[in-house]
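Please read the structure below before turning to the comments.
Every number here is computed from the coordinates shown, using simple stated rules; none is lab data. Bear in mind that the values here come from a model prediction, so they are computed numbers and not experimental data. No Cβ is skipped: glycine too gets one built from the backbone with ideal geometry, and neighbour counts run over all protein chains shown.
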Amino acid sequence: MEQKSVEKMGAAPIKKLMLSMGIPVIISMMLQALYNIVDSAFVSNMEGGESALNALTLAFPVQMLMVAIGIGTGVGVNVLLAKSLGQQEKEKASMVAGNAIFLGIVITLFFMLFGFFGVKLYIGTQTANPVVFDMAVRYLKICCICSVGIVLFSIFEKLLQATGLTVHSTVAQISGAVINIILDPILIYGLLGFPAMGVDGAAYATVIGQIASFLIAFFFHLKSNKSVDKGLKYIKPQAKLIKEIYAIGLPAIIAQALMSFMTYGINIILVRANEALVTAYGLYYKIQQFILFAAFGLRDTITPIVSFNHGMRNKKRIMDGIKYGVLYTLIIMAIGTIVLELFAGPLCSVFQLSGATERLCISATRIISIGFVFAGISIALQGVFQALDCGISSLIISICRQLLLVLPVAWVFTLFVAADHGNAWIVWLTFPIAEIVTGAIAIGLMLNAYKKKIKAL
């Protein structure tokens with residue numbers, strides 16, 4: 001990236017900067033959500049589609065965990081890199097970028113080992129159905145053993161975003177998504193001379209698309225990212241830098257990983273009441289990710305902008321970053337709420353579900369989306385907390401909205417469902433309740449962060 005691309009984060013009007021940097025990131029994140037939606041849509045139309053959908057739902061928490069660790073590490077890299085550039089420390093920024101690549105390789109090796117040795121044990125904790133078990137194990141093994149794409153793309157995506165090259169990261173993401181969409185029907189159904197591979201084909205299509213995204217992002221980093229120097233010497237691990245990366249990134253990893261643990265916990269809770277609830281929730285979760293990931297994209301734009309200007313100690317631009325970041329996120333979530341309320345039926349009908357499961361999916365979509373606007377407050381402010389080195393505040397928000405206020409409440413509500421399946425909709429109230437309470441907590445934490453980190457600038 002040329003020097004002027006870095007300087008725009010400290011000089012361009014925040015209102016326009018947030019959009020110019022944010023729109024490509026939002027598109028990129030929405031395409032990331034598209035991977036799982038496309039897989040599910042095609043899988044639902046194969047023989048035994050509902051069992052296959054259940055299998056993908058059981059595998060999904062581990063896929064989310066891969067993203068959590070990759071993106072969480074990237075968040076630490078993003079903030080530290082942007083802040084170093086704001087302080088005119090190019091050598092440190094280059095070392096941060098190199099150590100990020102090293103960490104990505106280590107994370108990939110971890111998930112490869114899990115793919116070989118841990119998948120069966122993990123899936124076995126969620127189902128006793130042998131058909132679902134076999135499908136889930138096969139699908140998840142492929143995704144873990146070939147995790148190099150999803151992990152290293154997460155790293156290089158953040159390296160590009162931190163230096164303002166958001167269009168480049170989006171091109172890489174779009175390319176992988178298109179490849180995934182093209183390969184899904186070919187490999188699942190056996191078109192163009194390929195054998196029909198079912199859920200295995202869905203997994204191969206996904207990992208091939210992810211690897212393509214990684215390779216393209218890597219190419220852009222080498223050729224276009226002029227803000228940092230490259231070379232093997234920068235990849236050499238440095239304990240001090242890695243500690244700095246995870247001082248920022250670890251709360252983000254935990255925050256992202258809580259999404260995985262929440263889904264895993266919800267699967268276990270729901271299956272005891274009604275197995276159809278697991279399938280319905282899994283599909284709803286993938287549908288709503290299309291909206292939530294758009295908000296995550298804007299959150300990941302807020303972070304480098306606020307972090308850069310925090311490094312410059314520019315109070316006005318920090319406050320503008322917070323104001324427009326929250327405003328734009330709320331607009332995204334309001335639009336998402338309207339879309340899901342109006343089109344819940346058509347969206348759920350894309351998947352070939354039984355009548356009861358489809359009705360559960362529709363009710364989940366309409367009830368849970370009520371809390372979207374409140375979720376937008378929490379998500380936007382998490383980006384601010386990460387930028388201001390208030391990782392604990394970000395972590396508190398995630399614990400509240402994805403664990404503390406979800407699993408116990410969902411468990412209580414499923415007691416009513418177990419007694420009368422006609423009350424199944426009650427369990428979906430868990431999520432709006434969690435979002436409303438967490439939004440209030442996030443505002444309180446933001447007021448505290450303002451007093452400690454911004455007011456005195």
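Quick one, could you list the DSSP H helices from the chain stretching 18 Å or more along their long axis (Cα atoms) with average Kyte-Doolittle hydropathy of 1.0 or above?
Span-like helices here: 14-44, 49-86, 90-117, 130-145, 148-162, 166-189, 199-224, 239-273, 315-349, 372-387, 407-419, 430-449.
State the answer as a single residue: which of 369, 414, 310 lies farthest towards the positive end of the charge dipole of the stretch 278-430, with beta carbon charges of +1 for Lys and Arg and -1 for Asp and Glu, about the Cα centre.
Sorting the options by dipole projection puts first 310.
As I understand it, the dipole of the chain uses +1 on the Cβ of Lys and Arg and -1 on the Cβ of Asp and Glu, about the Cα centre. Which of 225, 397, 125 lies farthest toward its positive end?
Final value for the positive-end residue is 225.
Please report the net charge: other residues with Cβ closer than 14 Å to the Cβ of residue 288, K and R +1, D and E -1.
+1
Nearest 0.05, what FRET efficiency do residue 230 and residue 105 give at R0 = 22 Å with Cβ-Cβ as r?
Working from the Cβ atoms, E equals 0.90.
Based on Cβ point charges of +1 for Lys and Arg and -1 for Asp and Glu, what charge dipole magnitude is obtained for the chain about its Cα centre, in debye rounded to the nearest 20?
Dipole size: approximately 2020 debye.
Ignoring everything except DSSP H segments at least 4 long, calculate the 222 nm mean residue ellipticity for the chain; use -39,500 (n - 2.57) per segment, divide by total residues, nearest 500.
-28500 deg cm²/dmol
Please give, to one decimal in nm, the separation of the simple spin-label points placed at residue 352 and residue 335, each 7 Å out from Cα toward the Cβ.
Using points 7 Å along Cα→Cβ, the separation is 3.3 nm.
Which lysines does residue 223 reach when only Cα atoms under 22 Å apart count, and residues fewer than 8 places away in its own chain are ignored?
4, 8, 90, 92, 158, 233, 236
Only counting other Cβ atoms within 10 Å, I'd like 354, 175 sorted with the fewest neighbours first.
By the 10 Å Cβ count, ascending: 354, 175.
Can you pull the one-decimal nm distance between simple spin-label points at residue 425 and residue 403, each 7 Å off the Cα toward Cβ?
Placing both labels 7 Å beyond Cα along the Cβ direction yields 3.3 nm.
What percentage of all Cα-Cα pairs in the stretch 95-150 are separated by more than 19 Å?
That tail contains 38 percent of the Cα-Cα pairs.
Which of the peptides 373-379, 92-98 is most tightly packed, and how do the rest follow, judged by the mean count of other Cβ atoms within 10 Å per residue?
Highest-to-lowest ranking by the protection proxy: 373-379, 92-98.
Starting from the Cα-Cα distance between residue 121 and residue 87, subtract it from 0.36 nm times their residue separation and give me the gain in nm to one decimal.
Full extension from residue 121 to residue 87 adds 7.5 nm.
Which translational diffusion coefficient, to the nearest whole µm²/s, is obtained for the stretch 244-344 from the Stokes-Einstein equation, given a Kirkwood hydrodynamic radius over C-alpha pairs, 25 °C and 0.890 mPa s?
152 µm²/s
Which one, 56, 443, 329, projects farthest toward the positive side of the charge dipole computed for the stretch 13-454 from Cβ point charges (K/R +1, D/E -1)?
Looking along the dipole axis, the top candidate is 443.
As an exercise, find the ratio Rg/Rh for the stretch 13-454 from alpha-carbon atoms, using the Kirkwood inverse-distance average for Rh.
We get a ratio of 0.96 for the stretch 13-454.
Of all the Cα-Cα pairs you can form in the stretch 53-140, what percent are over 22 Å apart?
44 percent
Would you mind calculating the relative contact order of the chain from Cα pairs under 8 angstrom and at least 6 residues apart, reporting the percent as a whole number?
Result for the chain is 23 percent.
How would you order 213-221, 192-200 from highest to lowest mean count of nearby Cβ atoms within 10 Å?
Taking the mean over residues of other Cβ atoms within 10 Å, the ranking is 213-221, 192-200.
If we count every other residue with Cβ under 12 angstrom of residue 218's Cβ, Lys/Arg +1 and Asp/Glu -1, where does the sum land?
Once positives and negatives cancel, what remains is +1.
Excluding residue 19 itself, calculate the net charge of residues whose Cβ lies under 15 Å from the Cβ of residue 19, where each Lys or Arg counts +1 and each Asp or Glu counts -1.
Combined, the nearby Lys, Arg, Asp and Glu give +3.
For the stretch 34-74, what percent of Cα pairs sit more than 11 Å apart?
Tail fraction, whole percent: 66.
What are the radius of gyration and Dmax of the stretch 260-304, computed over its Cα atoms and given in Å?
13.8, 44
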